[in-house]
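Accompanying notes for the structure given below.
Values in this text are rule-based calculations from the coordinates and carry no lab data. Just so it is clear, the structure is predicted and the values come from calculations on it, not from any experiment. Heads up, the Cβs are rebuilt from the backbone with ideal geometry, glycines too, and the neighbour counts pull from every protein chain shown.
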Amino acid sequence: MIELYTWPTPNGQKIHIMLEETGLPYTVHPVNIGAGEQFAPDFLEISPNNKMPAIVDTEGPDGAPISIFESGAILMYLGEKTGRFFPQAPRQRWTVVQWVMFQMASVGPMFGQRGHFRNYAKEKLAYPLERYSNEARRICGVMDRRLGEAKFLAGDEYTIADIACYPWLVSYKNGEGPVGEFANLSRWMDVIAARPATERGMKVLAERRRQGPISEKERAILFGQEQYARR
Ligand SMILES: N[C@@H](CCC(=O)N[C@@H](CS)C(=O)NCC(=O)O)C(=O)O
């Protein structure tokens with residue numbers, strides 16, 4: 001059984017989609033990051049950076065429970081465990097790893113900062129907004145070029161690299177990111193959106209997403225004194 005600690009953000013949704021794709025049995029444990037549940041000592045035991053998602057596999061590789069944090073590592077773990085969406089052949093596997101790393105190091109951080117300065121910064125600051133919007137658009141160009149030469153990010157097959165990137169592109173598009181100007185990227189998004197497991201995965205905890213603006217309490221937890229209290 002996979003014990004899944006999550007919340008309906010792009011980093012959580014990657015894992016929801018992967019679990020739905022693989023059919024592994026899992027139990028959802030919501031971690032309400034706006035309420036500060038990521039700082040609970042039990043959660044920090046399995047996720048020392050106080051971020052979701054994290055998993056506990058009650059039947060780890062040696063039969064004993066294992067916990068994993070960082071969504072890219074979780075995708076690789078689940079891919080390895082099931083033999084799905086993470087090819088064994090070294091050349092293909094390393095192509096997948098590169099695109100997963102690209103998601104973790106570029107797509108997530110740059111799109112995330114764009115979203116932060118657009119939605120959460122108290123002052124609307126032109127420089128960071130321009131910087132991260134430019135980076136996000138540049139990154140879309142990188143993906144679009146790649147998807148002009150291959151059906152999926154790592155080649156002919158749908159892999160954890162696509163699963164890692166897709167929810168970030170959905171969130172970017174919903175946040176008025178100009179995805180429409182990238183034909184290959186748009187085609188790829190449509191193909192992934194049409195997969196039944198994507199639809200199921202994106203629905204996990206969807207009803208718990210915050211409606212409306214962030215409160216002062218949530219701001220302190222996510223970006224203020226509660227976030228930066230020494231633990
Ligand atoms: N690199 C991490 C990033 C995870 C992450 O940023 N999670 C955010 C929500 S998307 C979170 O838990 N934030 C709570 C906090 O920062 O206190 C991963 O991919 O797993």
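With a Förster radius of 22 Å applied to the beta-carbon distance between Ala194 and Thr82, the computed FRET efficiency rounds to 0.50. With springs only between Cα atoms under 10 Å apart, run a GNM on the chain and tell me which of Ser186, Ser215, Ser71 wobbles the most. Evaluated over the chain, the most mobile residue of the options is Ser215. Our estimate of slack between Glu149 and Thr58, defined as 0.36 nm per intervening residue step minus the Cα-Cα distance, is 28.7 nm.
Just to verify a number: FRET efficiency for Lys203 and Arg230, C-beta to C-beta distance, R0 = 45 Å, to 0.05?
0.75
Here the 3J(HN,Hα) profile of the stretch 13-26, calculated from phi with Karplus coefficients 6.51, -1.76 and 1.60 at θ = phi - 60°, is 4, 4, 6, 4, 5, 4, 5, 5, 5, 7, x, 5, x, 8 Hz, Gly and Pro shown as x. With the simple model of a label 7 Å out from the Cα in the direction of the Cβ, Met1 to Ala73 spans 2.4 nm. Cross-link reach is defined here as a Cα-Cα straight distance under 19 Å, omitting same-chain residues fewer than 8 places apart; for Lys173 the aspartates and glutamates meeting it are Glu130, Glu135, Asp144, Asp162, Glu181, Asp190, Glu199. Computed from backbone phi with θ = phi - 60° and the Karplus coefficients 6.51, -1.76 and 1.60, the 3J(HN,Hα) list for the stretch 59-75 is 10, x, x, 9, x, 8, x, 9, 10, 9, 10, 6, 4, x, 5, 5, 4 Hz; x is used for glycine and proline.
Between the beta carbons of Arg187 and Asn134, assuming R0 = 25 Å, the FRET efficiency works out to 0.60 to the nearest 0.05. Legend: residue pairs Lys122/Lys217; Lys51/Lys203; Lys14/Lys124; Lys14/Lys151, Cα-Cα distance threshold 24 Å; pairs beyond threshold, Lys14/Lys124. Every helix of 4 or more DSSP H residues in the chain counts as -39500 (n - 2.57), and over all residues that averages to -16000 deg cm²/dmol at 222 nm.
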